[in-house]
1. Hey, can you tell me all the residues within the stretch 160-183 that are open to solvent by 80 Å² or more (accessible area, probe 1.4 Å), touching a residue at least 60 places away in the same chain (Cβ under 8 Å) and in a loop (DSSP other than H, G, I, E, B)?
2. Suppose the filter is within 15 Å of the ligand (Cβ to nearest atom), surrounded by 13 or more Cβ atoms within 10 Å (Cβ to Cβ), in contact (Cβ under 8 Å) with a residue 12 or more places away in the chain and outside any helix (DSSP H, G or I); does Ile3 pass it?
3. With the condition kept exactly as written, say whether any residue in the stretch 143-155 is closer than 30 Å to Thr217 by Cα and within 15 Å of the ligand (Cβ to nearest atom).
4. Within the stretch 34-54, does at least one residue satisfy the condition of being under 27 Å from Thr212 (Cβ atoms), away from the ligand (no atom under 15 Å from the Cβ) and part of a strand (DSSP E or B)?
5. Going by what's in this entry, would Lys241 be described as open to solvent by less than 80 Å² (accessible area, probe 1.4 Å) and more than 24 Å from the chain's Cα centre (by Cα)?
6. Filtering the stretch 108-127 down to residues that are buried (at least 18 other Cβ atoms within 10 Å of the Cβ) and more than 10 Å from the chain's Cα centre (by Cα), which residue is farthest from the ligand (Cβ to nearest atom)?
7. Tally time: how many residues in the stretch 103-119 are closer than 24 Å to Glu216 by Cβ and either of a type outside the set (A, V, I, L, M) or modelled with pLDDT under 95 (or both)?
8. Just wondering, is there one or more residues in the stretch 92-101 that are acidic (Asp, Glu) and open to solvent by 20 Å² or more (accessible area, probe 1.4 Å)?
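The values are calculated or read from the model by the stated rules, or taken from the named source; none is laboratory data. This structure is a prediction, so every number in the text was calculated from the model and none was measured. Neighbour counts run over all protein chains shown; Cβ positions are idealised from the backbone, glycine included. Ligands, DNA and RNA are excluded from the accessible area calculation, which covers all protein heavy atoms including side chains. Shrake-Rupley method; radii C 1.70, N 1.55, O 1.52, S 1.80 Å.
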Amino acid sequence: MKILVAVKRVIDFNVKVRVKADQTGVETTNVKMSMNPFDEIAVEEAVRLKEAGTVSEIVVVSAGGPQVQETIRTAMAMGADRGIHINCEGELEPLAVAKLLKALMDRESPDFVIMGKQAIDDDCNQTGQMLGALANRPQGTFASKLVLSDGKAEVTREIDGGLETVSLDLPAVISADLRLNEPRYASLPNIMKAKKKPIEQVTPEELGVDVTPRLETLKVEEPPVRAAGIIVADVDELLDKLQNEAKVI
Ligand code: AMP
């Protein structure tokens, strides 16, 4: 079995994000960047399947500027076999990424694609669903468990009321949720080995995809600063404040 794993380079989750002075976006210069945490979970799942002997090849793909090669190398240090860097600068919307991944699905014919349920920078949660639709293949989103057998993928999904299990014909698109697994740290020997693994470069034009943005960002603002809380003496005072000051009851 061959799997395609999509990974995105995002601002590290520990960084306090700052809005640019001109409100056109967030500051990314001199900011620590890392692999999107949900994508790390997707890579880990792929590597575990390879270690179990179910999967023979893991191809990791990332779209963006030259720096995303670092993210591809991280995935290869975790255990992916080879990388594809879709080289393009500038803003990439989920629809553009889904089209690029669809073109790679056509070219690579993976048994399934696994990716994060959402990128923590744009919080879109759209790419997997769009890819499933564009490729006209089944999708198992928010996976908290994945079992492969008899050419099918059984995906347990986290939904509002509990857990739902769906059986998908392969090839399928699967997106990883937080509880699917706990990603490993790459060991130093594996980081060294990853440096020798191949990364192929392609452009959106070569894949026949127009990535021109269709959305316009009007303004990015910091969330309003929260006012300090107060301690009330008793329930009566609380009710009074909720009724007369906050006017929420
Ligand atoms: P989103 O729909 O933007 O929340 O992203 C969902 C998932 O799509 C991410 O967790 C990644 O696995 C994948 N993805 C988004 N953007 C990219 C990108 N530029 N390159 C590779 N994968 C991406």
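1. Within the stretch 160-183, just Glu182 meets the criteria.
2. Values: within 15 Å of the ligand (Cβ to nearest atom): yes; surrounded by 13 or more Cβ atoms within 10 Å (Cβ to Cβ): yes; in contact (Cβ under 8 Å) with a residue 12 or more places away in the chain: yes; outside any helix (DSSP H, G or I): yes.
Yes; evaluated as a whole, the condition is true for this residue.
3. If we filter the stretch 143-155 for residues that are closer than 30 Å to Thr217 by Cα, which is where we start, we get none.
Scanning the stretch 143-155, I find no residue that is closer than 30 Å to Thr217 by Cα and within 15 Å of the ligand (Cβ to nearest atom), so the answer is no.
4. no
5. On the way: open to solvent by less than 80 Å² (accessible area, probe 1.4 Å): yes; more than 24 Å from the chain's Cα centre (by Cα): yes.
So Lys241 fits the description; yes.
6. Here is the first cut: in the stretch 108-127, the ones buried (at least 18 other Cβ atoms within 10 Å of the Cβ) are 110-119, 127.
Filter once more, so that each one left must be more than 10 Å from the chain's Cα centre (by Cα): 110-113.
Details: Pro110: 14, Asp111: 17, Phe112: 13, Val113: 9 Å.
Within the stretch 108-127, the match that is farthest from the ligand (Cβ to nearest atom) is Asp111.
7. Pass one, the stretch 103-119, residues closer than 24 Å to Glu216 by Cβ: 118-119.
If we keep only those that are either of a type outside the set (A, V, I, L, M) or modelled with pLDDT under 95 (or both) too, we end up with 118.
Selection size over the stretch 103-119: 1.
8. Within the stretch 92-101, the first condition is being acidic (Asp, Glu), and the residues that meet it are 93.
Then keep just the ones that are open to solvent by 20 Å² or more (accessible area, probe 1.4 Å); that gives 93.
Scanning the stretch 92-101, I find at least one residue that is acidic (Asp, Glu) and open to solvent by 20 Å² or more (accessible area, probe 1.4 Å), so the answer is yes.
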